[in-house]
Amino acid sequence: MSYFVTGATGFIGRYLVGNLLRRKGTIHVLVRDGSQKKFEAIAKKMGWDRKRVVPVVGDMTAARCGLSAAQVRALNGKVKHFFHLAAIYDLTASAEAQKAANIEGTQHALDLAAAIGAGCFHHASSIAVAGLYPGIFREDMFDEAEGLDDPYLRTKHDSERLVREEKRVKWRIYRPGMVVGHSQTGEIDKIDGPYYFFTLIKKLREMLPPWMPVLGIEGGRINIVPVDFVADAMDHIAHKPKLDGHTFHLTDPEPPRVGEVLNIFCRAGHAPEMTMRIDARMFAFVPSAIRGAVAGLPPVKRFTGMLLRDFRIPKQVLKFITYPTRFDSRETERALKGSGIAVPKLDTYAWRLWDYWERHLDPDLFIDRTLRGKVRNKVVVITGGSSGIGLSTAKRVAEAGAVTVIVARGKEELFKARDEMKAAGGKVFAYTADLADMADCDRLVEKVLKEHGQVDILINNAGRSIRRSIELSYDRFHDFERTMQLNYFGSLRLIMGFMPSMTKRRKGHIINISSIGVLANSPRFSAYVASKAALDAFSRCAQGELSGKGISFTTVNMPLVKTPMIAPTKMYDSVPTLTPEEAADLLVKGIIEKPSRIATRLGIFSALVNAVAPKAYEVIMSTAFELFPDSAAAKGDRAALKDETPSQEQIAFAAMMRGVHW
């Protein structure tokens, strides 16, 4: 007995070939000339007997699958079973590609099967041939299909029609449900079907505790089958006598609803379940014309598009959320009776599917998470780049291959930093500027754009901090003016200067160094925190306007860092602080991941407590205010500076509230 298989290196095909190897005979597999290395790799991985699995070089897009007359003569009369599995199983593929592979490819396979006198043509079709039929679709039904507007549904339907109308060769048709990974290993070769929702489930797991109920959708019944069931069933049915001319639904006789499927995978991924599920039939009273009009509104389309893009869900998948078709499989059940081959329950192997996806297919695994991959040959502007956080960050991005532009007011320290980084092999440029002077900001923007053409990443790091109580600031209104001038207006001026070229290129990243004090509302830092809070608020507003234009904003609510800026407050010598290198790690994370915000757990917790119990939080802040008096520097008492040492109580409190300014 001899076999011929198209699509043998495909997902179902490789398992079918493994099954056929348990029987006698040679297995001829169609392989494109450029895919022979892939064939050899799969053969080795699957443990195929290479003496019995023989590659036949050809091409599904050519007549008779691209086989020469000599190849056809060599195979003539020797093939008893011709399995045609080669096709596009992808909702997102173009209509032209699907037509060429699914329809024209099937015709070429039929012509080849007839030319070599194959005993039976086994066609791997799909439940997609039913389209969106509202009700139970039996195995003997075909022309009753409805809703075939989608290219995938239409080409699967039309390719099966070619087989059903074939008179030269006997045939059998198999319609698998939505094929997922192997029920014993979880292995699959691509993201498809329910896998499209795994990123959403993963994000739910990251954001919410597993016990929290989540709103979901009920949806229609979705027919999922593992690849090993499909391969086993096809192999078994193909070798049973007297079944030519029949169609077999390789489907789950009791398919779960979409909401239940998602919850099964939520449990597998340890994510919160969608306990409250909305049934789409609730909206049936709304006329379809109105539903379509609302869905077609530009804001709705844009919002939906952004969500789908973030969760990596193709829009073509949405139409199957309310899938209306059920599949009768009595013919298949009779053919499999006594074989022990049956569809396993999804919840018995879903964890294997999830585990394999998370280890091998999760798109996040393939994101370049190296700093070099994000900044190499990109222009990165860092203000305050001559010392502290700015210098540590500049060294990191320069080492990673960025065109590093450092900006500071002091010429000597700035140029020294530039020369050291250049000596280490970095492409570093230094510009002096007083960022509290708006004219100087404009001059800097003009010069950088003129000499470098663009700015890819702007890091607003330069800043001024003042620790002084409001009572000591009655006659120091200039404290509020100068912090706002540098921390807010200076940063904003640079953003507004570089933004036009960023939006024109639809690419850019703004990173603003804010403070944990904005989240914790630290006493004695009203001038500093207010200036940083203004920059935070601008960034949040700008994100809504500019994210659609390819511009990202990241706010870093930086905890206390041991830099020259905090040197005047001697108490900070005895409390926990980050090193500039540790602070630079946070900025590197911001460059790589582009989150909206980077903050410590304590900072986020402080903001949460203040939002939930503001009076209780006020008591905590008031206690801290009394515990940490104004410094000698804030009082203007230079004589007391030398003797200023923190108490054990202050050190203990600061250690507990790690990184918060006091």
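Cβ under 13 Å from E254's Cβ, E254 left aside: what net charge do those residues give with Lys, Arg +1 and Asp, Glu -1?
On the way: positive: R221, R257, R326, K345; negative: D252, E260, D328, E333, D347.
That sum, taken over residues with Cβ under 13 Å, equals -1.
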Nearest 10 degrees, 0 to 90: helix 601-612 Cα axis against the chain principal axis: 80 degrees
Sequence-distant residues sharing a close amide H with V561 (under 5 Å, placed H): L578
From phi via Karplus (6.51, -1.76, 1.60), per-residue ³J(HN,Hα) for segment 429-437 in Hz, x at Gly/Pro: 10, 10, 9, 7, 6, 9, 6, 7, 9
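When the dipole is taken about the Cα centre of segment 1-176, and only Lys, Arg (+1) and Asp, Glu (-1) are charged at their Cβ, what size is it in debye, to the nearest 20? Write out the running numbers ahead of the final one.
Numbers: 27 positive and 19 negative charges, 279 e Å.
Taking the Cα centre of segment 1-176 as origin, the dipole is about 1340 debye.
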Listed residue (T251, C120, A520) projecting farthest to the positive dipole end of the chain, Cβ model: C120
Placed amide H near T554: partners under 5 Å, 5+ positions off or other chain: I510, I511, N512
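Take peptides 106-114, 36-44, 2-10 and line them up by average Cβ neighbours within 10 Å, highest first, as a rough protection proxy. Provide the component values of the computation, followed by the final result.
Working: 106-114: 23.3, 36-44: 14.2, 2-10: 24.9.
In descending order of packing, they fall as 2-10, 106-114, 36-44.
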Whole-Hz ³J(HN,Hα) from phi, Karplus 6.51 cos²θ - 1.76 cosθ + 1.60, for segment 215-224, glycine and proline x: 6, x, 10, 6, x, x, 7, 10, 9, 10
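So if R0 is 51 Å, what FRET efficiency would S339 and K594 give, r being the distance between their Cβ atoms, rounded to the nearest 0.05?
Working: r = 53 Å, r/R0 = 1.04.
Given R0 = 51 Å and the Cβ-Cβ separation, E is 0.45.
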Likely footprinting exposure, S491, S552, S392, fewest C-beta neighbours within 10 Å first: S552, S392, S491
Pairs from K450/K532; K422/K562; K240/K337; K24/K78; K450/K549; K378/K507 whose Cα-Cα separation, in the structure shown, is over 18 Å: K450/K532; K422/K562; K450/K549
Residue order, fewest to most beta carbons within 10 Å, for W171, W48: W48, W171
Helix 198-207 vs. the chain, principal-axis angle (Cα, 0 to 90°, nearest 10): 30 degrees
Acute angle (nearest 10 degrees) that the helix 526-546 long axis makes with the longest principal axis of the chain, alpha-carbon atoms: 30 degrees
Label zone at S501 (point 7 Å along Cα-to-Cβ), backbone N below 12 Å, segment 444-462: 444-458
Segment 1-176, relative contact order [Cα under 8 Å, separation at least 6], %: 21 percent
Computed over the chain: relative contact order in percent, which uses C-alpha pairs under 8 Å that are six or more apart: 9 percent
Distant-in-sequence amide H partners of L67 (H built 1.01 Å from N, under 5 Å): D59
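Please work out the FRET efficiency for the pair M46 and I136, using the Cβ-Cβ distance as r and a Förster radius of 45 Å; give the result to the nearest 0.05. Write down the numbers at each step before the final one.
Numbers: r = 37 Å, r/R0 = 0.82.
Taking R0 as 45 Å, the efficiency between M46 and I136 is 0.75.
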Per-residue ³J(HN,Hα) for segment 93-103, Karplus 6.51 cos²θ - 1.76 cosθ + 1.60, θ = phi - 60°, Hz, x for Gly and Pro: 5, 5, 4, 5, 5, 5, 5, 5, 7, 7, 8
Whether segment 1-176 is rounded, prolate or oblate, judged on the alpha carbon gyration tensor where a/c under 1.5 counts as rounded: prolate
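Taking the Cβ-Cβ separation of K411 and V612 as r and a Förster radius of 45 Å, what is the calculated FRET efficiency to the nearest 0.05?
Details: r = 49 Å, r/R0 = 1.09.
My answer for the efficiency is 0.35.
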Dipole of the chain, positive end: most advanced residue of H478, L578, P226 [Cβ charges, Cα centre]: P226
Residue order, fewest to most surrounding Cβ atoms within 10 angstrom, among L346, L208, L243: L208, L243, L346
Set of aspartates and glutamates with alpha-carbon distance to K615 below 19 Å, sequence-local pairs under 8 removed: E626
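Find out how many positive minus negative residues lie around R267, taking Lys and Arg as positive, Asp and Glu as negative, among other residues whose Cβ is under 9 Å from that of R267. Please report the intermediate quantities before stating the final value.
Values: positive: none; negative: E273, D347.
Within the 9 Å Cβ shell, the charges total -2.
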Point-charge dipole on Cβ atoms (K/R +1, D/E -1) for the chain, about Cα centre, debye to 20: 1680 debye
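Read-outs throughout are calculated quantities, based only on the coordinates presented, and are distinct from any laboratory measurement. Nothing here was measured: the structure is a model prediction, and the numbers come from that model. Cβ atoms come from the backbone with ideal geometry, glycine included; neighbour counts cover every protein chain shown.
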